[in-house]
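One structure is given here, and the rest of the page talks about it.
Derivation of every value follows stated rules applied to the coordinates shown; laboratory data play no part. The model shown is predicted, which means the values in this text are computed figures rather than measured ones. Cβ placement follows ideal geometry from the backbone for every residue including glycine, while neighbour counts extend to all protein chains displayed.
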Amino acid sequence: MESIFLQIEELVQDLSLREHYAALSKRYRTEQNKQLASYEEHLAYLASRMPATFAACSEVFSRLDEVAAGFSPKSMLDIGSGPGTCVLAFPGSVEQVTMVEINEQFVAFAKKFLSTKAASCRWQSQIPQGEKFDLVTSSYMLSELHNLQEMLVLIEQAVGEMAVLIDTGTPHGYQTLMQARDYFIKMGYTILAPCPHNGPCPMPWCHFSVRLPRSRLHRHMKGGSLGYEDEKFCYLIASKSYKRASSYDRIVKPPLHRSGHTHLTLCTHEGILREEVVSKKTKERYKAAKKAEWGDTLSI
């Protein structure tokens, strides 16, 4: 993936894009029209937002590997593909990738970036009707829709085995994925992650975070001095065929590691929110808790 970001730097090195990023960022913050208006705004998105969304997608796919070990899809459908971020983040190889995207500039970027990712890539403006895909993904798109329920129906109809949905780590992004969660449970799916259960969510707002390094260009675009940033995100992994291999609890807030004990906030396999202080007295659980991070699971 490093080569992709080097390509992006080459594309923007001679352009001053900070004003385009500022305009784009303002529209996103105020929930106004998020359609990119120019070639320069597309480049500003690539330089400023794509690294973070890529990091979030990569983190979610690592969770997929935890809850569905051995899942190796041969076909993948990515809805709202943008510049191909979600497909690029998928760690394995896929025989056939279908990408749904109507933005022609993003399609052009994706074709450039994805030339060696899959044996076969195709782009379409709509979700193919009557086709099933082992893996169906959508990232940072659902919360922008006005017809969410219609889209969920189309997504579910396309799922062969697994659906992975990712969105912003805002309350609105969370509520969007809760609607998706309710729909998939109604359709008989098992929620594999982040939820360790299929019961009602016990939290008013569940989200996670991934830290990513900032390149020189990334810092310049955002006018920041820190060499990293934290991307908050929400996600959902739902399956028709995979079931939970074992019971586990999910750490849903940053752990508080202290001398001799760790304080955890857990969403449990029983469907409740529980605070737990793990001390040295429980040797194995304490050992696991000391290494645990926000978003990790703990075995029962």
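Brief remarks follow.
- The chain: most fluctuating residue of Leu145, Leu24, Leu154 per GNM, C-alpha cutoff 10 Å: Leu145
- Cα-based helix-to-principal-axis angle, 171-186 vs the chain, degrees rounded to 10: 70 degrees
- Beta bridges by DSSP in the chain, antiparallel share as percent, to the nearest 5: 60 percent
- Counting beta carbons within 10 Å around each of Thr268, Thr282 and listing the fewest first gives the order Thr282, Thr268.
- Relative to the dominant Cα principal axis of the chain, helix 2-12 is inclined by about 40°.
- Taking a straight Cα-Cα cut-off under 24 Å and skipping sequence neighbours fewer than 8 places away in the same chain, the lysines within cross-link reach of Lys111 are Lys34, Lys74, Lys132.
- Magnitude of the charge dipole, the chain, Cβ model with Lys/Arg +1 and Asp/Glu -1, debye to 20: 1080 debye
- Computed from point charges on the beta carbon alone (+1 for Lys and Arg, -1 for Asp and Glu), the dipole magnitude for the range 248-299 about its Cα centre is near 320 Debye.
- Selection among Thr297, Thr268, Leu256 by position relative to the dipole of the range 248-299 gives Leu256 as farthest towards the positive end (Cβ unit charges, Cα centre).
- Under DSSP loop assignment and at most 15 Cβ neighbours within 10 Å, longest GluC sites (Glu not before Pro)-free interval of the chain: 132-269
- Cα centroid of the range 154-203 to Cα centroid of the range 40-65, whole Å: 20 Å
- Largest GNM mean-square fluctuation among Tyr248, Tyr228, Tyr174, using the chain with Cα springs under 10 Å: Tyr228.
- Read-out Cα extents along the principal axes in Å, derived from the coordinates shown; its label in [x] 76, 46, 37; [y] 58, 42, 38; [z] 60, 50, 35: [z]
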